[in-house]
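K.L.:
Below you'll find the structure I mean.
The values are calculated or read from the model by the stated rules, or taken from the named source; none is laboratory data. This one's a predicted model, so the numbers in the text were calculated from it and none came from an experiment. A quick note on method: Cβ atoms are made from the backbone with ideal geometry, for glycine too, and the neighbour counts reach across all protein chains shown. Quick note on the areas: whole protein, heavy atoms, side chains included, nothing else; ligands and nucleic acids left out. Shrake-Rupley method; radii C 1.70, N 1.55, O 1.52, S 1.80 Å.
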Amino acid sequence: MSTALRRTVSIAAVGVTALMLLGACSPPAEPEPTAAPAGGPAPTETAAPAFPTTVVHSEGETTLEEAPEHIFTFGAEQTDSLLALGIGPVASGGGSLGPWQEEAIGSLGVGVVPTIDPLDGDTLADAEAVSPDVIVTALPFHPFDMDPTSWLAFYNDLPEVAPTIRPALSALDSPSFSSSNSWRETLLQMGQIVGHVPEAEAHLASIDDSLAAHAVAHPEFAGKTIAVISPQGGSVAYSKSNTAVAALLEQLGFTYADDSTVAYNSESYNGKVYYLWADDVEQLDTDVLIYIGDPVGAPYWVTFVEASATGADGVIHYPGFLDEPTLGMIAPTALSVPWAVDAFVADLAASIGAP
């Protein structure tokens, strides 16, 4: 049965297994090089048009006949990726941990971007009201301390509003969990959606150049082992080496601590965090330990951190609770990293001191 879709965007809902079979088909023909006259310059390849394009993602594939003009982004990485490419969403959901979204929206002059989120009581009718050409989402979020039924129903039913693009398979560790480079893959996916792949690649290259420049400017970082912890209720969350922040810290020259020998009470459902009890905290032995918490207003865990091997022989960096530059690196997006990295590095360098 054929379905007429809003504007000129079309979708092919194909299962992941079917995509694997399609991958065995012959690829489309390469553009023919432009012939050059005898004795003239070497031939050049004609650039392939950006559209139509087929976006392969974790729930199938979506074919876009032309660049969508009205995009509803549902997820911080998705919203920030679109903004990083100089385009404002028609609406956004999924929140943001820092001011980078607001600043980017202001610089683009797109006015107020409405937020649509079932956690705020919004429904599919609110999404329909902004008439999106396409919806780009993060993985489903399972909120704590509430019945997730209404939230998941909203998420699962978004394709009823407009063609919906889920995260790329390359952005996932498993069907349910994002990888440590998901924010990078999200930007590249958004570049394909809006026809700005070169700009997306250039943006990532600029971030990598900035991280490399900081590593050169701070030789005291080189080779030092580092880890990130954060008090959470009755335990301490220890970010493992497969997290996005670990990858960023290594780009700055650090060596993220080997977590294979860390004694822990339990592990997070996504396999990226260990939860430590008080006695477990005392085992920590890194050159640098980033403590994301309030050491003054909530000093309980500081006692155990200071009693650790790191407290005796290393450096404990206390950026404070909800410090925005730190959050921009802990939960990175295409906007948060360039916004946060200079202040984050300066603050960390001040704690470590000159070599």
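K.L.:
List the pairs whose first member sits in the range 224-246 and is over 15 Å from Met329 (Cα atoms), whose second member is of a type in the set (Asp, Glu) and open to solvent by 40 Å² or more (accessible area, probe 1.4 Å), and whose Cβ atoms are under 7 Å apart, counting only residues at least 6 apart or on separate chains?
P.N.:
Listed by first residue and then by second, the contacts come to Lys224/Asp287; Thr225/Asp287.
K.L.:
Please tell me if Ala227 is closer than 22 Å to Ala309 by Cα, of a type in the set (Gly, Ala, Ser) and open to solvent by less than 20 Å² (accessible area, probe 1.4 Å).
P.N.:
yes
K.L.:
Filter the range 79-104 down to the residues that are touching a residue at least 12 places away in the same chain (Cβ under 8 Å) and in a helix (DSSP H, G or I) and list them by number.
P.N.:
Answer for the range 79-104, where residues must be touching a residue at least 12 places away in the same chain (Cβ under 8 Å) and in a helix (DSSP H, G or I): Thr79, Asp80, Ser81, Leu82, Leu83, Ala84, Trp100, Gln101, Glu103, Ala104.
K.L.:
Please work out if Ser107 is assigned to a loop (DSSP other than H, G, I, E, B), at pLDDT 90 or above and either among the hydroxyl-bearing types (Ser, Thr, Tyr) or out of contact with any Phe, Trp or Tyr (no Cβ under 8 Å at 6 or more places or on another chain) (or both).
P.N.:
For Ser107, the condition - assigned to a loop (DSSP other than H, G, I, E, B), at pLDDT 90 or above and either among the hydroxyl-bearing types (Ser, Thr, Tyr) or out of contact with any Phe, Trp or Tyr (no Cβ under 8 Å at 6 or more places or on another chain) (or both) - is not met.
K.L.:
Something else about it: Residues that are open to solvent by less than 30 Å² (accessible area, probe 1.4 Å) and over 24 Å from Ala247 (Cβ atoms), at least 3 per element: which helices (runs of 4 or more DSSP H) completely within the range 118-218 meet that?
P.N.:
Filter on the range 118-218 gives 149-156.
K.L.:
Continuing with this model, one more query. Of the residues that make up the range 220-241, is at least one part of a helix (DSSP H, G or I) and either over 18 Å from Gly75 (Cα atoms) or of a type outside the set (A, V, I, L, M) (or both)?
P.N.:
Yes, that holds for at least one residue.
K.L.:
Is it fair to say Ser308 is in contact with an Asp or Glu (Cβ under 9 Å, 6 or more places away or on another chain) and either without any contact (Cβ under 8 Å) to a residue 12 or more places away in the chain or farther than 23 Å from Ala215 by Cα (or both)?
P.N.:
yes
Listed here are the residues, each with its yes/no results for (1) more than 19 Å from Glu201 (Cα to Cα); (2) at pLDDT 95 or above; (3) surrounded by 20 or more Cβ atoms within 10 Å (Cβ to Cβ).
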position	(1), (2), (3)
Gly40	yes, no, no
Thr46	yes, no, no
Ala50	no, no, no
Val55	no, yes, yes
Thr63	yes, yes, no
Pro68	yes, yes, yes
Gln78	no, yes, yes
Ala84	no, yes, yes
Val90	yes, yes, yes
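K.L.:
Something else now. Which condition from (1) within 30 Å of Val130 (Cβ to Cβ); (2) in contact with a His (Cβ under 7 Å, 6 or more places away or on another chain); (3) open to solvent by less than 10 Å² (accessible area, probe 1.4 Å) is the one that Leu252 breaks?
P.N.:
In the conditions (1) within 30 Å of Val130 (Cβ to Cβ); (2) in contact with a His (Cβ under 7 Å, 6 or more places away or on another chain); (3) open to solvent by less than 10 Å² (accessible area, probe 1.4 Å), Leu252 misses (1) alone.
K.L.:
Also: Within the range 105-128, does at least one residue satisfy the condition of being within 17 Å of the chain's Cα centre (by Cα) and aliphatic (A, V, I, L, M)?
P.N.:
no
K.L.:
Filter the helices (runs of 4 or more DSSP H) completely within the range 260-355 down to those with at least 3 residues that are β-branched (Val, Ile, Thr) and either open to solvent by 40 Å² or more (accessible area, probe 1.4 Å) or on the phi < 0 side of the Ramachandran plot (or both).
P.N.:
Ranges flagged: 300-306, 336-352.
K.L.:
Another question, if that's okay. Out of everything in the range 53-78 that is in a loop (DSSP other than H, G, I, E, B) and free of Cβ contacts under 8 Å to residues at least 60 places away in the same chain, what residue ends up being nearest to Leu335 (Cα to Cα)?
P.N.:
Glu66
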